[in-house]
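What follows is one structure encoded as structure tokens, with my remarks underneath.
Taken together, the values in this text are just the output of simple stated rules run on the coordinates, not laboratory data. Note that the structure is predicted; figures quoted are calculated from it, not measured. Here the Cβ is made from the backbone with ideal geometry for all residues, glycine too, and neighbour counts use every protein chain on show.
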Amino acid sequence: MDTASSSSTLPTSHPPSVERTKGPTGLEKLVLRESRGWSAEVHLYGGQVTSWKNDHGEELLFVSSKAIFKPPKAIRGGIPICFPQFGTHGNLEKHGFARNRFWAIDDNPPPFPVNTAIKTFADLILKPSEEDLKIWPHSFEFRLRVALAPRGDLILTSRIRNTNIDGRPFSFTFAYHTYFSVSDISEVRVEGLETLDYLDNLHAKERFTEQGDAIVFEAGIDKIYLDVPSKVAIIDHEKKRTYVLRKDGLPDTVLWNPWDKRSKIMQDFGDEEYKHMLCVEPATVEKPITLKPGEEWKGKMELTAVPSSYCSGQLDPDKVLQG
Ligand code: TA6
């Protein structure tokens, strides 16, 4: 794992609860600390959140022990950002290029709607390089805010603006490719995706309809659920922990676990690590976003980790999905 080895100061626009530091391979990251003890880390490489810890210091995101903290490979774990393309839904490299570019600290982000409760946040920005413009000929500003709410919730807000000066619109797909840490995948269930339509990546992206029960895991899964309600719960029975994922501006949700065979093919992923992770990824895939010059799109994800109200195998839905 990547641990801090040196630190330096940030522009005054960032709060004192955010520290700029470097990991052992020299990659720069920002460490956010909230007064009750929760913390998060975001790497400038990929604009990628690589840690979210609760007030007991427990890691809530999965990062592979084999993750390579070195370009050009994206970091395996945390929250890679897929932009301007999700997966292989287009002609670009898989998941686009934002996840393996160096982002900059955004010294002067345009104002956010005021939320005075949130005092711990970091702002990053990605603009295309000359090389990027050859791959995807569109000028854009991608602003990412990573925030820790007072109770430890992790909030990611992406604002993408078309800055083309030639009048051309552009279209993109997007995902927060979130790797959750779970105790044992066979003890996990996901609620909020029942009866929805999905595209199955393991069956040539064919469309199917999910059955009525919560999702449990007995084999590899790679599905894009469509028109998903704003709240999904990931219930880790063994850990007695529930993650609640809320989203805005992102109609789809991807569910991925590589399981044993695919794990062995991935060079930056341990053979048995699939047991301890689950990707649940708010996304917009089926309907790409189109922006005219000057237009901005916003996509938000909010993660909460709470102790499960666990009672004879049933989660109290009022406390999670309706709460
Ligand atoms: O989001 C699921 C997915 O698109 C899967 O198809 C799987 O390949 C995964 O992402 C990881 O992709 P990566 O390029 O990071 O190996």
Item to check | Thr25-Phe102 pseudo-label distance in nm [points 7 Å out on the Cα-to-Cβ vector] | outcome: 1.5
Checklist outcome for this item: Taking a label point 7 Å from the Cα of Leu226 along Cα-to-Cβ, the residues of the stretch 82-101 whose backbone nitrogen sits under 18 Å from it are 86-90
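Could you tell me whether the stretch 31-163 comes out rounded, prolate or oblate from its Cα gyration tensor? Rule is a ≥ b ≥ c as square roots of the eigenvalues, rounded for a/c under 1.5, then prolate if a/b exceeds b/c, otherwise oblate.
The shape class here is oblate.
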Checklist entry - Once both labels are modelled 7 Å past Cα along the beta-carbon direction, what's the Ala214-Lys66 spacing in nm? => result 3.1
Item to check | Positive minus negative residues near Arg207 (Lys, Arg vs Asp, Glu; Cβ under 10 Å) | outcome: -3
Item to check | Given charges at beta-carbon only (K, R positive; D, E negative), |dipole| of the stretch 1-140 in Debye | outcome: 300
Checklist outcome for this item: Toy charge model, Lys and Arg Cβ at +1, Asp and Glu Cβ at -1: the stretch 109-212 dipole around Cα centroid in debye, rounded to 20, equals 580
Next on the checklist: Beyond a 18 Å Cα-Cα separation, which of these cross-linked pairs lie in this structure: Lys53/Lys240; Lys66/Lys264; Lys53/Lys94; Lys94/Lys223?
Outcome noted: Lys53/Lys94
Item to check | Long-range Cα-Cα pairs in the chain (distance over 33 Å), rounded percent | outcome: 22
Checklist outcome for this item: Two pseudo-spin positions, 7 Å from Cα along C-beta at His203 and at Val114, lie apart in nanometres by 5.2
Checklist entry - Cβ under 15 Å from Trp297's Cβ, Trp297 left aside: what net charge do those residues give with Lys, Arg +1 and Asp, Glu -1? => result +4
Checklist outcome for this item: the stretch 126-235: relative contact order from alpha carbon pairs under 8 Å, six or more residues apart, as a whole percent, is 19
Next on the checklist: For the chain, what does the relative contact order come out to in percent, with C-alpha contacts under 8 Å and a separation of six or more?
Outcome noted: 16
Checklist entry - Which value at 222 nm does the chain reach when only helices count, each DSSP H run of 4 or more adding -39,500 (n - 2.57), with the total divided by all residues and rounded to the nearest 500 deg cm²/dmol? => result -1000 deg cm²/dmol
Checklist entry - Looking at the chain, which longest stretch skips every one of the GluC sites (Glu not before Pro) that is in a DSSP loop with at most 16 other Cβ atoms within 10 Å, leaving the sites themselves out? => result 94-193
Item to check | Of Gly96, Gly47, Gly37, the one that fluctuates the most in a GNM where the chain has Cα springs shorter than 10 Å | outcome: Gly37
Checklist entry - Quick one: putting +1 on the C-beta of Lys and Arg, -1 on the C-beta of Asp and Glu, what dipole do you get for the chain around its Cα centre, in Debye to the nearest 20? => result 800
